[in-house]
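K.L.:
If you scroll down you'll find the structure; I have some questions about it.
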Amino acid sequence: MAHLSAGKPGGVAGGKELATGSGLRYPANGKTIYHRPLNRSKTSELSQASFAYLFSEMVSYALSKVTDIQDLEKRLNMQGHPIGLKLLDLLLIRELPRNQLRPLNIISLLVLIKEKVWQHLFGRQADRLEKSSNADTPDEYMIVDNEPLVNAYISVPKEMSQLNCAAYVAGIIEGVCDGGGFPARVTAHTVGGKEEGEMWPGKTVFLVKFQPEVLERGALIGSEKA
Amino acid sequence: MSYYFAIIGTQDNPLFEYEFGTSKQGGDGQSRFSDQARHLNQFILHSSLDIVEEVQWTSGQLYLKVIDKFFNNYISCFMTAGNVKFLLLHQPTTPVSSSSTRNSTSIGANPQSPQTEEAVKNFFTEVYENYVKAIMSPFYKVNMEIRSPVFRSRVAAAGRKYL
């Protein structure tokens, strides 16, 4: 993300261009982002090949800057995070006005991710949603994807066997959670078996660990309603 | 009727502000705040953020209606999904007396009438659409100030249209 913040627009240079009304800041036909509709999404799908190419470049870019796998996953996570933050508002405004509701509790937030976010990003819903069965970690939830789209053309070398490039998607999920006011840490883990005949070798679990204050608030709101 | 509109980011930092007056009933769209009130407006608006935090978890609606009142200033709030607040301070030209609330229907005179609520809602909805377009820019990061002149003119147009 370092290269993005370096090219931050709207700085002093942007102000000068504004005065002259020329330059890259304004498109020649006068149509800015504000003149384009928000809803033209239903039919517009992107080519998976071009996404796979772009994503492989993103991974190798991140790979060139890091020393270990955790660092790499963190970088991928950071690339996804701003997307999640913005996606939340976009998905909400595309709903019918009477369905435009902010998620108020963990469950409605996770259902939104499993259904709406997955549908938007991958054209299908996530496969499963689970709550941690361990009583010590009530703050952990799991979103299961049997076959993450981002990993379709990624082959992980043996010495990096812990790496799961779906950390990028985990970053998007984290962005959605953070944006909605539910700060969380999200990590991606491969759980598919390595043996022959395994139905989903690339099965990935996104572990969502909410901050303690989220649970605290959830309990408070719940008790008020009861 | 004078209005002061501000977008407040997730860190309670202002992202955008705009001041205007009513365009209904022959209004010229100019605000009528005194110089002193201009400074005060920012305080009043930001002081209502505490109430926003209380109200935001009781309802999933984006539009939270009038949430705060300070003498003759009314604050309407709209929460986006990304926890960014749109706050509109409206100040009727003449203070609202309790007896007149029931019969006045003009949106200028009575900030808590259903007609005003609806007008403010329409205003917020239109601004929200433009705000989402603004954040869709790949160069925009959350909590950055919105400086686009196009965005400003869109907000002004929404204000003229509804308020």
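K.L.:
In the full protein assembly as shown, how much of A:LYS116 is accessible to a 1.4 Å probe, in Å² to the nearest 10?
P.N.:
90
K.L.:
Summing Lys, Arg as +1 and Asp, Glu as -1, what charge do residues with Cβ under 13 Å from the Cβ of A:TYR168 carry, A:TYR168 excluded? Each step should come with its number before you reach the end.
P.N.:
Details: positive: A:LYS74, A:ARG75; negative: A:GLU57, A:GLU73, A:ASP145, A:GLU174.
Here the count lands on -2.
K.L.:
Average partner chain C-beta neighbours within 10 Å, per residue of A:30-37?
P.N.:
Numbers: counts 1, 0, 7, 11, 11, 3, 2, 2.
Mean partner shielding for this stretch: 5.
K.L.:
In terms of solvent-accessible area of protein heavy atoms at a 1.4 angstrom probe, what is the ranking of A:SER47, B:SER137, highest value first? It would help to have the intermediate numbers written out before the result.
P.N.:
Details: A:SER47 60, B:SER137 30 Å².
The ordering from most to least exposed comes out as A:SER47, B:SER137.
K.L.:
What size of dipole, in debye to the nearest 20, comes out for the stretch A:88-159 about its Cα centre when the only charges are +1 on Lys and Arg C-beta atoms and -1 on Asp and Glu C-beta atoms? Please report the intermediate quantities before stating the final value.
P.N.:
On the way: 9 positive and 11 negative charges, 78 e Å.
Around 380 debye, computed over the stretch A:88-159.
K.L.:
Within the stretch B:2-162, how many Lys pairs that are eight or more residues apart, or on different chains, come under 24 Å at the alpha-carbon?
P.N.:
18
K.L.:
With every protein chain left in place, what is the accessible area of A:THR187 in Å² (1.4 Å probe, nearest 10)?
P.N.:
Accessible area, nearest 10 Å²: 50 Å².
K.L.:
How far, in degrees from 0 to 90, does helix B:149-162 lean away from the longest principal axis of the Cα atoms of chain B, to the nearest 10?
P.N.:
Once rounded, one gets 30 degrees.
K.L.:
What full-extension length gain, to one decimal in nm, is calculated for A:ASP68 and A:ALA49 as 0.36 nm per residue of separation minus the Cα-Cα distance?
P.N.:
Extending this stretch completely gives an extra 4.0 nm.
K.L.:
Within straight cross-link reach of A:LYS31, meaning Cα distance under 20 Å, which aspartates and glutamates are found once same-chain residues fewer than 8 apart are removed?
P.N.:
Partners found: A:GLU17, B:GLU126, B:GLU129.
K.L.:
For the stretch A:73-99 and the stretch B:9-43, what is the separation of their C-alpha centers, rounded to whole Å?
P.N.:
30
K.L.:
Within 10 Å, count the other beta carbons around each residue, average over each peptide in B:10-19, B:114-123, and list them highest first. Intermediate results must be reported in sequence, preceding the final value.
P.N.:
Working: B:10-19: 15.5, B:114-123: 17.6.
Per-residue Cβ counts within 10 Å, averaged per peptide and sorted highest first, yield B:114-123, B:10-19.
The values are calculated or read from the model by the stated rules, or taken from the named source; none is laboratory data. Predicted model only: the values in this text are computed from it and were never measured. Reconstructed Cβ throughout: ideal geometry from the backbone, glycine too, with neighbour counts over all protein chains shown. Heads up: the accessible areas ignore ligands, DNA and RNA and are worked out on the full protein's heavy atoms, side chains in. Shrake-Rupley method; radii C 1.70, N 1.55, O 1.52, S 1.80 Å.
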